[in-house]
Structures are given as structure tokens and as C-alpha cells.
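The block underneath contains the structure these notes are about, expressed in C-alpha cells.
Since every read-out is calculated from the coordinates, none of them should be taken as a lab result. These figures come from a predicted structure and were not determined experimentally. Virtual Cβ from ideal backbone geometry, glycine too; neighbours counted across all protein chains shown.
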Amino acid sequence: MIFFAKGKRGRVYLEKDKAIKQTNEKRARKEANYLKLFNKYKIGPKFLYLRKDKFAYKFVKGPFILEYIKKNKDVKKILIDVLKQCRTLDKLKINKLEMHNPYKHIIINNKEPIMIDFERCYSTEKPKNVTQFGQYLMSAKVSEVLFQKNIKINKKELIKFLKVYKRNQTDKNFKKIIDYVSQ
């Protein structure tokens, strides 16, 4: 096992093609359970196993989302895929928390966005994954890069769609966000 990264609540090690996250037993169990659930919806890296205070998943290679956006052309597809994953989390009534600034939480692997790090997830009646990712798209650092790619996000317009979605999280209201980002 080779040390790979240290977070606030644990360490990640690499062993061949798997990442092994070590934390306390309760956190490891919680994150492993979320990852197993999300895998059913094709979200997150493939869960491999849970053992006491550590769990393993298939290691995801690739750049983080903002690095990818800066260097590639197929950006809209990535953004829409992330929004769809966020919508799935919202439907499951689970909030991921980091989606307003997911700079280290979304890796692009073979032109597919893979969310990682689910330790802070929690169940709620009012999840905010779609709206938080919308905030990320409007942030200065991201909107500037998108503008350079000729993807113009009008902050007032997107906020209008996000507010409607926040009040009533329906597929119809979500589609309006997707349609707006797709144009």
C-alpha cells in the first residue's frame, strides 16, 4: 500500500487499481454504505469492500473537474452529466455538501464525471445538490473559464431556474436547468 492523500478525517492509500480510505470505523461504514447505494445509480467509483476502519473502491484516474473544463471542448456534456448525478442525489433525499465547490470531488475519467468523497453526505427532506452545483457554475473562477469556452451563463437567468427548482424539485423544473445549460 502506498500513501496517496490525507484529508481532514482520513487517509487514502493506493494498491494497484484500488484506493483504500482509512478513517474511524463509524465514518468508514457510513461512507461505504453511501457509495454502495450510489453505485446502484452509476454514481461514484466502484465500491470494493469494507473492513473495520477502511473501505476500498476502484481508483479513479483523471483530472479534477475545473482542470478538465480548462483543457477540453466537450464541457457541456460533463456539466449536464454532473447535474444529472446531482438530481439523482436530490431524488434520493441525500445531500453531498461539497457541490458548491467540488474542485476535488469530481474527477473526469474517460470523459465521464465521477463523484468521490461521500463522507459528509446526509439524508434530508431538502437536498441541495443541483442548486449547489448551479452556484459552482456561477462562481467567478468557473464562469470565467466557461465564458472562454463560449458557454455563457447569465447569473440572473440561472438563479431564476434554480430558485424554482429549489421550491419544487420536479423533473420538469430540473429539465429547465438542463435546457438552459445545454444551449
- prompt: What angle do you read, to the nearest 10 degrees and between 0 and 90, between the alpha-carbon axis of helix 25-39 and the longest principal axis of the chain?
  reply: 50 degrees
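Dipole of the chain, Cα-centred, from +1 at each Lys and Arg C-beta and -1 at each Asp and Glu C-beta, to the nearest 20 debye?
Details: 47 positive and 18 negative charges, 55 e Å.
Value, rounded to 20: 260 debye.
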field: Solvent-free Debye scattering, log10 I(q)/I(0), computed from the Cα coordinates of region 114-167 at q = 0.12, 0.13, 0.27 Å⁻¹
entry: -0.36, -0.41, -1.06
- prompt: Cα to Cα, under 15 Å, and not fewer than 8 places away if on the same chain: which aspartates and glutamates meet these conditions relative to residue 18?
  reply: 117
field: Which labelled figure in (1) 1.31; (2) 0.98; (3) 0.94 is Rg/Rh (Cα atoms, Kirkwood Rh), once derived from the coordinates
entry: (2)
message: Which one, 12, 130, 60, has the greatest fluctuation when you compute a Gaussian network model over the chain with C-alpha springs under 10 angstrom?
response: 12
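Report relative contact order for the chain in percent, whole number only (criteria: Cα-Cα under 8 Å, sequence separation at least 6).
On the way: 278 pairs, mean separation 31.2, N = 183.
Computed value for the chain: 17 percent relative contact order.
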statement: Expected sort for 80-91, 155-166 on mean C-beta neighbours within 10 Å, highest first, is 80-91, 155-166
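Quick one: length gained pulling residue 84 to residue 141 fully straight, 0.36 nm per residue minus the C-alpha distance?
Values: separation 57, 0.36 × 57 = 20.52 nm, distance 2.21 nm.
Extra length available between residue 84 and residue 141 comes to 18.3 nm.
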query: How much of the calculated P(r) for region 66-160 lies past 15 Å, in percent of all Cα pairs?
result: 59 percent
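Can you classify region 2-58 as rounded, prolate or oblate using the Cα gyration tensor, where a ≥ b ≥ c are the square roots of its eigenvalues, rounded means a/c under 1.5, and otherwise it's prolate if a/b beats b/c and oblate if not?
Working: a/c = 1.87, a/b = 1.25, b/c = 1.49.
It is oblate, given that a/c is not under 1.5 and a/b is not larger than b/c.
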message: Quick check on my link table: of 42/156; 16/77; 40/70; 76/163, which ones sit more than 26 Å apart, alpha carbon to alpha carbon?
response: 42/156; 16/77; 40/70
